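Structure first, then comments.
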Amino acid sequence: MCGIAGFLLTNDRADPAVLRRMCDRIRHRGPDDEGYRVEDGCAIGMRRLSIIDLSSGHQPISNEDESVWVVFNGEIYNHEDLRRDLISRGHSFRTRSDTEVLVHLYEESGVEGISKLRGMFAWAIWDARAGRITLARDRFGKKPLYYAALPEGLFFASELKCFRELDLPFDLDEDALRLYFQFGYIPDPASPFRAIRKLTPGGWLTFDRAGRVQQGRYWKLPVPAEQAPPDLSREAARARLRELFDESVRIRMIADVPLGAFLSGGIDSSSVVASMAKQSSEPVKTFSIGFEEAAFNELEYARIIARQYNTDHHEIVVRPDSVALVNTLTEHLDEPFADVSAIPTYIVSKYTAEQVKVALSGDGGDELFAGYDSFFQIAKLERMGWMPGLLRHCLEKAADALPYSAYGKNYLRMITRPTALARYFEMNHVPFYLRQQLLAPRWMLPADAGFLVTALKDYLVPSASTLTQALYFEATAKLTGDMLVKVDRMSMAASLEVRCPLLDHELAGFAATLPHAWKMNGHGHGKAILLEAIGDRLPEAVRNRPKMGFGVPIGAWFRGPLKDFLRDHLLSRTFTERGIVSGTFLRDILEEHESGRRNNDIRLWMLLMLELWFRRWQPVQRPETQAVSFDSH
């Protein structure tokens, strides 16, 4: 696992000192090694966390005549099979590293070879003969890759902070910020800055010294099936799912360093640990954290699994220094990011990294197997479509007239939305009326529900059912932009590699062929077919436990240890003069939260993370009619 960075200039020679400074920004992603290649206008570099081939996997790695060079972040789980095939075609290897496979596969197949890779990755290949850089990213976007394609050259890096070393335009992408206020994250391919994009998951990009850019995609998640394949029985599906699940766990247990697993006691992490235990000759190392507040403590369920599989179990109950922790998160997230579960993810990653360098996780189960409770709301949301237009209009006017403190206001707004998909977004993300009261008009998304459909067109499926649309959105936009950002940034902040067996693309592709009715049972629970396939490995207490999010008591912290910190930032002149929020309404929701009248923790966290991000990126104030800009240093 590594961090990568570099650039290709169109009309200048590359400065190796700039490259080195870019890579120094991401030393936490790879504290074990570093490497650079500077040639004419091209500079590529990396920081390495050594996992496979510890002695000879130094990057950048080249082909035989040193005309093709690669820097790579990730793991290729089928590299041994690819190596054998490439050797049979005449290629010579100098290392055992999975990285070296990439240069020879590129020589053999170009960008078409990317589809043969099974793993998580972001890489850059410099082809000196063609004067061209190729970037690629794994299918789900587990590994990040930012880039800026400008007239003066292509610039890329694993994290945004690397771009601070470059003289680039840092004008704010206001559309991206508007999406942040709705979702709490910025969906790919947008970033906070107009000039910088994220490479699309399952995508590639080439850039040559003439400034020519080409882009494409080698994979997209198949649309979830609404009907079972005619040649697949439920019994056969269970057997195949069990086989694929165990295989995807097995290939992620390959490492030349100590390996363990996160264990929350939920169905997904418990299933991964159960499969690891069945395929390992040694006790699996498992890691769990808990909080003093009972509502956020899952340790009793983790202990049940640890006892059943005799794992080498490690757990801590924490009450962290919340102020220091919040500042650490902001440093590593690089973007406005409001998923509060980043906090426990960082804590468990830091704790786990004290003993192992690789951990397996259960991420992806809810998205692929309909595990979220929100999916069960959709039938109810669809039934609201009976409402005549006149009644819908009257109820919307009634909602407009109610004060914000009226509890029915947001619900009335939700039921008057014109489609079930619009009602789904309204129910499960920041409500319209909250944003309307809180934000200056300039920062509001258009009220027209069709705007989101256009803005999120890559994450929705035209003409599909609302349930299919919601499943696809959660497994693409939210998974990549929220869940995997959280896992990557927080684990790499602790120099820990995290692998996600449930997001193996072959397993995910098979899951997409299974109909909704096989995933969602009639009792309001998802993951039905997954539990039929591997649930016999889990004790009843875990199999039937209520769903519990991976969270922290942030609401209590905002009334206690973080109260002054929150007020100092959100009520500061610095924040209010940005012209983003209504200071009066912000005071209202702060006082409402502190008094216990209403829990506004998630909304306040979203604003706090935004202000901390602004301060870290040193905003330069301009008149309101102009775009906000940032000093890159």
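Could you tell me whether any residue of the range 268-283 is closer than 22 Å to Asp366 by Cα and out of contact with any helix residue (DSSP H, G or I) (no Cβ under 7 Å at 6 or more places or on another chain)? Full working, then the answer.
Keep residues of the range 268-283 that are closer than 22 Å to Asp366 by Cα, which gives 268-276.
So of that shortlist, the ones also out of contact with any helix residue (DSSP H, G or I) (no Cβ under 7 Å at 6 or more places or on another chain) come out as 269.
Taking every residue of the range 268-283 in turn, at least one turns out to be closer than 22 Å to Asp366 by Cα and out of contact with any helix residue (DSSP H, G or I) (no Cβ under 7 Å at 6 or more places or on another chain).
I need a count of the residues in the range 1-51 that are of a type in the set (Asp, Glu), in contact with a strand residue (DSSP E or B) (Cβ under 6 Å, 6 or more places away or on another chain) and within 20 Å of Ala149 (Cα to Cα). Before the answer, list the steps.
Pass one, the range 1-51, residues of a type in the set (Asp, Glu): 12, 15, 24, 32-34, 39-40.
Cutting the leftovers down to in contact with a strand residue (DSSP E or B) (Cβ under 6 Å, 6 or more places away or on another chain) gives us 32-34.
When the remaining residues are screened for being within 20 Å of Ala149 (Cα to Cα), the result is none.
Qualifying residue count for the region: 0.
Filtered by the rule that a residue be surrounded by 23 or more Cβ atoms within 10 Å (Cβ to Cβ) and either farther than 24 Å from Leu221 by Cα or among the hydroxyl-bearing types (Ser, Thr, Tyr) (or both), the range 347-364 gives Val348, Ser349, Thr352, Val358, Ala359, Ser361.
If you take the residues of the range 271-301 that are among the aliphatic types (A, V, I, L, M) and modelled with pLDDT of 95 or more, which of them is surrounded by the fewest Cβ atoms within 10 Å (Cβ to Cβ)? I'd like the intermediate steps shown before the answer.
First, pick out the residues of the range 271-301 that are among the aliphatic types (A, V, I, L, M): 272-274, 276-277, 284, 289, 294-295, 299.
Add one more test, that the residue is modelled with pLDDT of 95 or more, and what stays is 272-274, 276-277, 284.
On the way: Val272: 29, Val273: 31, Ala274: 24, Met276: 25, Ala277: 20, Val284: 25.
Top of the filtered list is Ala277.
Taking the criterion of being modelled with pLDDT of 95 or more and of a type in the set (A, V, I, L, M), the residues of the range 537-570 that qualify are Leu538, Leu566, Leu570. Within the range 80-95, residues that are without any contact (Cβ under 8 Å) to a residue 40 or more places away in the chain and not assigned by TED's automatic domain parsing to the domain that holds Leu117 reach no partner that is surrounded by fewer than 16 Cβ atoms within 10 Å (Cβ to Cβ) and assigned to a helix (DSSP H, G or I) with beta carbons closer than 9 Å at six or more positions or on different chains.
Every test in (1) small (Gly, Ala, Ser); (2) surrounded by fewer than 16 Cβ atoms within 10 Å (Cβ to Cβ); (3) in contact with an Asp or Glu (Cβ under 8 Å, 6 or more places away or on another chain); (4) modelled with pLDDT of 95 or more is passed by Ser109 save one, and that test is (3). Screening the range 189-219 for residues that are assigned to a strand (DSSP E or B) and among the small types (Gly, Ala, Ser) and picking the one that is nearest to the chain's Cα centre (by Cα) gives Gly203. Filtered by the rule that a residue be surrounded by fewer than 20 Cβ atoms within 10 Å (Cβ to Cβ), under 25 Å from the mean Cα position of the chain (by Cα) and charged (D, E, K, R), the range 250-270 gives a lone residue, Arg250. The C-beta contact set for the range 511-537 (first residue of a type in the set (Ser, Thr, Tyr), second residue not in a loop (DSSP other than H, G, I, E, B), distance under 9 angstrom, 6+ apart or interchain) comprises Thr513/Ala237. When Val111, Val68 are checked against the criterion of being hydrophobic (A, V, I, L, M, F, W, C) and under 30 Å from Val487 (Cα atoms), Val111 stands alone in meeting it.
Does Arg212 satisfy being within 30 Å of Pro169 (Cβ to Cβ), basic (Lys, Arg) and not assigned by TED's automatic domain parsing to the domain that holds Ile602? Show your work before the answer.
Working: within 30 Å of Pro169 (Cβ to Cβ): yes; basic (Lys, Arg): yes; not assigned by TED's automatic domain parsing to the domain that holds Ile602: yes.
Yes.
Out of Lys198, Lys143, I need the residue that is touching a residue at least 24 places away in the same chain (Cβ under 8 Å), crowded, with 20+ Cβ neighbours inside 10 Å, among the basic types (Lys, Arg) and over 30 Å from Glu426 (Cβ atoms). Which one? Talk me through it step by step, then tell me what you get.
Numbers: Lys198 fails: over 30 Å from Glu426 (Cβ atoms).
The conditions single out Lys143.
Across the range 125-163, what is the number of residues that are in a loop (DSSP other than H, G, I, E, B) and small (Gly, Ala, Ser)?
To start, the set of residues in the range 125-163 that are in a loop (DSSP other than H, G, I, E, B) comprises 128-131, 138-145, 151-152, 158-159.
Checking the rest, the ones that are also small (Gly, Ala, Ser) come to 128, 130-131, 141, 158.
So the answer is 5.
The residues of the range 337-354 that are in a loop (DSSP other than H, G, I, E, B) and either closer than 20 Å to Val284 by Cβ or among the aromatic types (Phe, Trp, Tyr) (or both), listed by number, are Phe337, Ala353, Glu354.
The values are calculated or read from the model by the stated rules, or taken from the named source; none is laboratory data. A quick note: this is a predicted structure, and the numbers were derived from the prediction, not measured. No Cβ is skipped: glycine too gets one built from the backbone with ideal geometry, and neighbour counts run over all protein chains shown.
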